[in-house]
Structures are given as C-alpha cells and as structure tokens.
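Student: Questions regarding the structure given below will be posed in turn.
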Amino acid sequence: MEMNLNKKYMILEIAKSNTKDNRPFIKVVLIDKDGVQIQGIMFDSNKLKFDPQKGDVVEVSGTIQSYNGQFQVKINNMAKMPEEESKDFLPKGNFDENQLYDEFVSFVDSNLNDKFIKSLFKEFKNDQDVTTKFKKMPAAKNVHHAYIGGLLEHTYSVVRLAVIMSDYYKVNKDLLMAGAIFHDIGKVFELDISKGFDYTDSGKLIGHLLLGIELVNSYCSKIDNFPELYRHLINHMIASHHGLLEYGSPKKPKTLEAIILHHIDDMDAKVNTFKSIFIKDNITAGGWSNYDRLLERQLFNHNIMMEDSDV
C-alpha cells in the first residue's frame, strides 16, 4: 500500500546516474526534523528546476512504498528551500551541549593533578573558537556519534573511561586523560556542519590525527617549560589511537596509555554504533536489527535490563 507524501527533508546523501535507456535518475538519503531517515529515488530527475546537492533542504512530494523490505520515497518532485532552514535538520543528541560541556570541564578539572596537563587543558578551555566547535561537532560523518554534540559526548565518555582504566591498570592517569581529551580534537577542523555533515579541505588532505597533533603542539608552545616527553607521549596517543596502520594510524600504540586509549575509544564508538542501529531500526522492545553492511552482521537487542535478571 502506497501513501502520498509532501514533506520537508534535508538531503544527507545523493547519487546521480542514468537508466539503461539513458534516463537520468537520483537516489537520495533524506532526514526529517525529527532525525528520521528514509531513502528516496526519482526518475527523470532532469525535470527538476535546480541541481540537488548534499545538504540541500527540499520539499519532497511523492509516495512512500515498500522496496526490498524497507520503506522508500518514490519522488515525483522536489523544491529547494532556503539554506537557513538547514540547521533544523541536522541529527541531534538527546542532551544540551552547553550543559554537557560544563559537566565535562568540571569532571576533568576535578581529576587532573599534574600542573602541566592542567595548563594544557586550560589552553584548550581558553580557545573559544575551538571549544565552540567542539560543543557542536559530530564525532563522525556517520556510523558513531553522528549528531550535533557527538564529539563532545564521545570525548567525555572516553575521558571517564580513562579515569576508570588508569586506576584499574595503575597507569599515569593525567597522561591518559590528556590523550582522551585530545585524541579526536582535530575533528573540529576536519568536519563541517554548515550543510549536513561533510569533510573540510583540511580534513580530506590532512585528517584529524595530524590536525589534532598540530593543535596540541600550539598549546604546548604557550606553556613555560612544558616537558618534551609529555608532548611526545600525548602526540603518540593521538597518532596511534586508531590502533592499526590500515585504520589510519601512522603509528601503532607503543605505551600502556596508548593501548588503553585505543581500546576505550574503539569500545565507546562501537557501543554507540550498536545503540544507534537499534534506534534506527526501532528495535527497542527486543529483536533483531536489519543486516548492517558495515558491521557485516545483524544485531540482537535482548532488552533484558539488569534489574530484570535473576542471575
């Protein structure tokens, strides 16, 4: 059964091609103001009065139909809306970014002891351009923490895990926290949220690991007698936190703090990915998700909470 549709969306992804008989068509991934995504397809797209691009806000008219077990929009027409409407369509977390940032700062300040690491964090707090972006940026273009404030939420989670792991494994808490704070900080320069989530030129050319190291080095240079070994150890954690060369790290982890950071970063990202898939596929009351091509598996949400178990 088909349903008529007339609604505003942002174009998250778009692919343009031609049919076998050379008719132009487009495939899109659309998102509404509530963060709900749906795929769409439009044939004879040359009849549009504009050239649709990723990040455009459009009013879509068409029909919702089932295709390969999923809903999609068969688009009849699209009209481009003013660019200022785009801010209403970016995916958002279920938290207030300013409040979460204040909690993050308070937690870090209460757990740092080393005077040099405290000074390094102070340089970060005083960098208003960076902190403003830090509160708003996603942690990734897609996959994990891909929503406004996702970078802040992910960083705060990794910092909290760093405190727990440093106590358990008896490693240098302040250095591990520094690595956790700054491991993804280069993403404030790597990502752009002006029209959807995309990469900047510097993000494509250099990447967040090197951009983060550059920023940390600029902070270190402002601190009198900042230890060179500290700087090298923090830079190494940033450079190696992806863990493997094939995952983008120019170095493998070579210190205790670096290997711990790699695993807590990866764990937090993976857990968020699982939860995001459950939400996207509406698997909230138990059951299996759709097959995820990136993870190469279906995911099972057993929906058994701790208080419900007799074990």
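The values are calculated or read from the model by the stated rules, or taken from the named source; none is laboratory data. Keep in mind that this is a model prediction, so the values were computed, not measured. When we count neighbours, we look across all protein chains shown, and the Cβ atoms used for this are built from the backbone with ideal geometry, even at glycine. Remember, those area values only see protein heavy atoms, side chains included, never the ligands or the DNA or RNA. Shrake-Rupley method; radii C 1.70, N 1.55, O 1.52, S 1.80 Å.
Student: Return the subset of Lys125/Lys254; Lys54/Lys251; Lys92/Lys270; Lys74/Lys195; Lys173/Lys251 for which the Cα-Cα distance in this structure is over 26 Å, preserving the input order.
Tutor: Lys125/Lys254; Lys54/Lys251
Student: Still on this structure: Looking at the square roots a ≥ b ≥ c of the eigenvalues of the Cα gyration tensor of segment 3-80, which shape do they give, rounded for a/c under 1.5, prolate if a/b is larger than b/c, or oblate?
Tutor: oblate
Student: May I pose another question? Specify which labelled value, from (1) 20.8; (2) 19.8; (3) 21.6, agrees with Kirkwood radius over Cα pairs in Å derived from the coordinates of the model shown.
Tutor: Recomputing Kirkwood radius over Cα pairs in Å here gives the entry labelled (3).
Student: Still on this structure: For segment 96-203, what is Rg from Cα atoms divided by 2.2 N^0.38 Å, rounded to two decimals?
Tutor: Cα Rg divided by the expected 2.2 N^0.38 Å: 1.07.
Student: Please report the carbon-and-sulfur percent of the accessible area for the chain; probe 1.4 Å, protein heavy atoms only, DNA, RNA and ligands left out.
Tutor: Details: 8740 of 17350 Å².
Reported share for carbon and sulfur atoms: 50 percent.
Student: Using mean Cβ contacts within 10 Å as the protection proxy, how do 233-243, 178-188 order, highest first? Numbers along the way, then the final one.
Tutor: On the way: 233-243: 23.2, 178-188: 26.1.
Final packing ranking: 178-188, 233-243.
Student: Also, quick follow-up: Calculate how many DSSP beta bridges within segment 3-80 are antiparallel, expressed in % of all such bridges and rounded to the nearest 5.
Tutor: Around 90 percent of the beta bridges assigned by DSSP in segment 3-80 are antiparallel ones.
Student: What accessible area per residue comes out for the chain, rounded to a whole number of Å², with a 1.4 Å probe?
Tutor: 56
Student: Counting alpha carbon pairs within less than 8 Å and at least 6 residues apart, what relative contact order, in whole percent, applies to the chain?
Tutor: Values: 522 pairs, mean separation 36.3, N = 311.
It comes to 12 percent, rounded to a whole number.
Student: When only Cα pairs under 8 Å and 6 or more residues apart are kept, what is the percent relative contact order across segment 136-294?
Tutor: Across segment 136-294, relative contact order equals 21 percent.
Student: Based on the alpha-carbon gyration tensor of segment 166-225 and its eigenvalue square roots a ≥ b ≥ c, which shape applies: rounded if a/c is under 1.5, prolate if not and a/b is larger than b/c, or oblate? List each step's numbers first, then the result.
Tutor: Numbers: a/c = 3.23, a/b = 1.73, b/c = 1.87.
Since a/c reaches 1.5 but b/c is at least a/b, the shape of segment 166-225 is classed as oblate.
Student: Relative to the longest principal axis of the chain, what angle (0 to 90°, nearest 10) does the C-alpha long axis of helix 97-111 take?
Tutor: It is inclined by approximately 20 degrees.
Student: Same structure, new question: Using alpha carbons only, how many angstrom separate the centre of segment 183-217 from the centre of segment 7-48?
Tutor: What the calculation gives is 28 Å, centre to centre.
Student: Ranked highest first by average number of other Cβ atoms within 10 Å, how do 280-289, 131-140 line up?
Tutor: 131-140, 280-289
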